[in-house]
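A quick write-up on the structure given underneath.
The values are calculated or read from the model by the stated rules, or taken from the named source; none is laboratory data. In this text the structure is predicted, and so the values were computed from the model without any measurement. Glycine gets a Cβ as well: all are built from the backbone with ideal geometry, and neighbour counts include every protein chain shown. Remember, those area values only see protein heavy atoms, side chains included, never the ligands or the DNA or RNA. Shrake-Rupley method; radii C 1.70, N 1.55, O 1.52, S 1.80 Å.
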Amino acid sequence: MVKMDLSGKVAVVAGVANKYSIAWAVARRLHEAGAELVLTYQNEKLKRRVEEIAGEVGEPLLVECDVTNEDAVKNLFEKVKSEKGQVYTLIHSIAFAPREELGGSFLNTSRHGFAQALDISAYSLILMSHHAVQIMEEGGSVLTMTYMASERVVPGYNVMGVAKAALESIVRYLAWELGEQKGIRVNAISAGPLNTLAARGIKGFSRILDVYPQRAPLKRNITHEEVASAALFLVTPLASGITGEILFVDAGYHIMGL
Ligand code: 0WD
């Protein structure tokens, strides 16, 4: 029987900012399933926060990696190769847009804000995958986090909706190329709203949290753990036939018309 057992498998999890990060919930679930973790953090400022909680998931390798720095990404996977050999899964849980772009008029989106949001939230998946797959073992997969504002208008989400649309397209192109070349699967989870650092930067986020329990079929918001469980499923052989997929973990919200 195919099991959700990741014993001896190396998982690189990018995007832990604090204990509320989706990446942290995923890291804990992968650890429970036996995975050996590599956690990346954006900068020195976040290092201490990640170090404080890292003990809860064994003895993960901690590596600084700002995805706007190409050398940092290359060095990350060189380090993973020298210390761990191979990688089984890459979890990409990173997004950023300047605060002034996340609210107000979409017409005021700046060229700089657009470039930064697309670079950090979408291009970084290509860059990280480029290096990861060179040391990815058979059965490996890549997983990223997206949001429904990629295809519907969520006021305030603005340029980040455009970045998520790009990210989802990247998932499909990577799935096509890596599936054909190396049998690697690439998927995304489209999560419902969760109270995290990144989410709090979006103007009107508390309204989004209020709307889901009213409209979603399950009449509630989702939990970090539900996203983590879906992530575990997607990276194990239980999901061996699934690639290029955007899996909604949103209490069913996205199916509703009214
Ligand atoms: O409701 C939510 N929270 C949802 C989040 C619903 C659906 C999707 N998502 C997505 C986000 O868009 C993101 O892609 O999940 C992913 C993880 O976001 P999160 O867990 O909600 O937020 P957070 O804990 O803030 O993690 C995102 C982190 C950054 O945090 P801050 O808030 O410090 O910018 O992405 C990292 C950083 O740690 N990050 C970077 N990492 C490396 N290099 C960079 C960078 N340049 N910029 C941001």
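Between 0 and 90 degrees, rounded to the nearest ten: what's the tilt of helix 224-235 against the longest Cα principal axis of the chain?
Tilt relative to the chain: about 50 degrees.
Round to the nearest 10 and give me the degree value, 0 to 90, for the angle of helix 22-32's Cα axis relative to the longest principal axis of the chain.
30 degrees
What is the set of long-range amide H partners of GLU36 at a cut-off below 5 Å, with H atoms built 1.01 Å from backbone N?
GLY8, LYS9, VAL10, ALA11
Would you work out if the stretch 40-102 is rounded, prolate or oblate? Take a ≥ b ≥ c from the square roots of the eigenvalues of the alpha-carbon gyration tensor; rounded if a/c is under 1.5, else prolate when a/b is larger than b/c, oblate otherwise.
Oblate is the answer for the stretch 40-102, as a/c is 1.5 or above yet b/c matches or exceeds a/b.
Over the chain, what is the mean sequence separation of C-alpha contacts under 8 Å (at least six apart), divided by residue count, expressed as relative contact order in percent?
RCO, the chain: 20 percent.
Show me the trypsin sites (Lys or Arg not before Pro) within the stretch 138-179 that DSSP assigns to loop and that have at most 13 other Cβ atoms within 10 Å of their Cβ.
Passing sites in the stretch 138-179 are ARG152.
What list of ³J(HN,Hα) couplings, whole Hz, do you get for the stretch 247-258 from phi and the Karplus terms 6.51, -1.76, 1.60, once you set θ to phi - 60° and write x for glycine and proline?
9, 7, 10, 9, 6, x, 3, 5, 7, 7, x, 8
For the chain, what are Rg and Dmax over the alpha carbons, in angstrom?
Cα only, the chain: 17.4, 54 Å (Rg, Dmax).
Could you work out how far the C-alpha centroid of the stretch 211-258 sits from that of the stretch 49-68, in angstrom?
Here the answer is 26 Å between Cα centres.
Projected onto the charge dipole of the chain (+1 at Lys/Arg Cβ, -1 at Asp/Glu Cβ, origin at the Cα centre), which of SER82, ASN108, LEU6 gives the Cα projection farthest towards the positive end?
About the Cα centre, the residue reaching furthest to the positive side is ASN108.
Leaving ligands, DNA and RNA out of it, report the carbon-plus-sulfur percent of the accessible area of the stretch 87-243 at a 1.4 Å probe.
Looking at the stretch 87-243 in its full context, I get 56 percent from C and S.
Given R₀ = 41 Å, what would the calculated FRET efficiency be for GLU44 paired with MET256, taking r from the Cβ atoms and rounding to 0.05?
0.40
Once phi is turned into ³J(HN,Hα) by the Karplus curve 6.51 cos²θ - 1.76 cosθ + 1.60 with θ = phi - 60°, what whole-Hz value does each residue of the stretch 127-135 show in order, with x for glycine and proline?
4, 5, 5, 3, 7, 5, 5, 5, 10
Would you mind pulling out the separation of the Cα centroids of the stretch 127-186 and the stretch 75-92, in Å?
18 Å
May I ask you to derive the FRET efficiency for ILE242 and GLU83 from their Cβ-Cβ distance with R0 = 35 Å, giving the value to the nearest 0.05?
Plugging the Cβ-Cβ distance into 1/(1 + (r/R0)^6) gives 0.70.
Which ³J(HN,Hα) values in Hz, rounded to whole numbers, follow from the phi angles of the stretch 58-74 under the Karplus curve 6.51 cos²θ - 1.76 cosθ + 1.60, where θ = phi - 60° and Gly and Pro get x?
Once θ is set to phi - 60°, the couplings for the stretch 58-74 become x, 10, x, 6, 9, 9, 6, 7, 8, 6, 7, 10, 4, 5, 4, 5, 4 Hz.
For the ranges 69-75, 107-113, 19-25, what's the packing order if you count other beta-carbon atoms within 10 Å of each residue, average per peptide, and put the highest first?
Listed from highest to lowest mean packing, they are 19-25, 69-75, 107-113.
So, with +1 on the Cβ of K and R and -1 on the Cβ of D and E, and no other charges, what is the size of the charge dipole of the stretch 93-151 about its Cα centre, to the nearest 20 debye?
220 debye
Express the accessible area of the stretch 191-258 per residue in Å², computed with a 1.4 Å probe while the remaining protein chains stay in the model.
That works out to 51 Å² for each residue.
Quick one: putting +1 on the C-beta of Lys and Arg, -1 on the C-beta of Asp and Glu, what dipole do you get for the stretch 144-258 around its Cα centre, in Debye to the nearest 20?
340 debye
Please name whichever of MET148, ALA132, LEU46 sits farthest to the positive end of the charge dipole of the chain, dipole taken about the Cα centre and charges placed at Cβ: Lys and Arg +1, Asp and Glu -1.
Among MET148, ALA132, LEU46, the one farthest towards the positive end of the dipole of the chain is MET148.
Quick check for me: using +1 on Lys/Arg Cβ and -1 on Asp/Glu Cβ, what's the dipole size of the chain about its Cα centre, in debye to the nearest 20?
About 700 debye.
List the residues, sorted by chain then number, that are 5 or more residues from MET136 or on another chain and whose placed amide H is less than 5 Å from its amide H.
Sorted by chain and number, the residues that satisfy this are VAL87.
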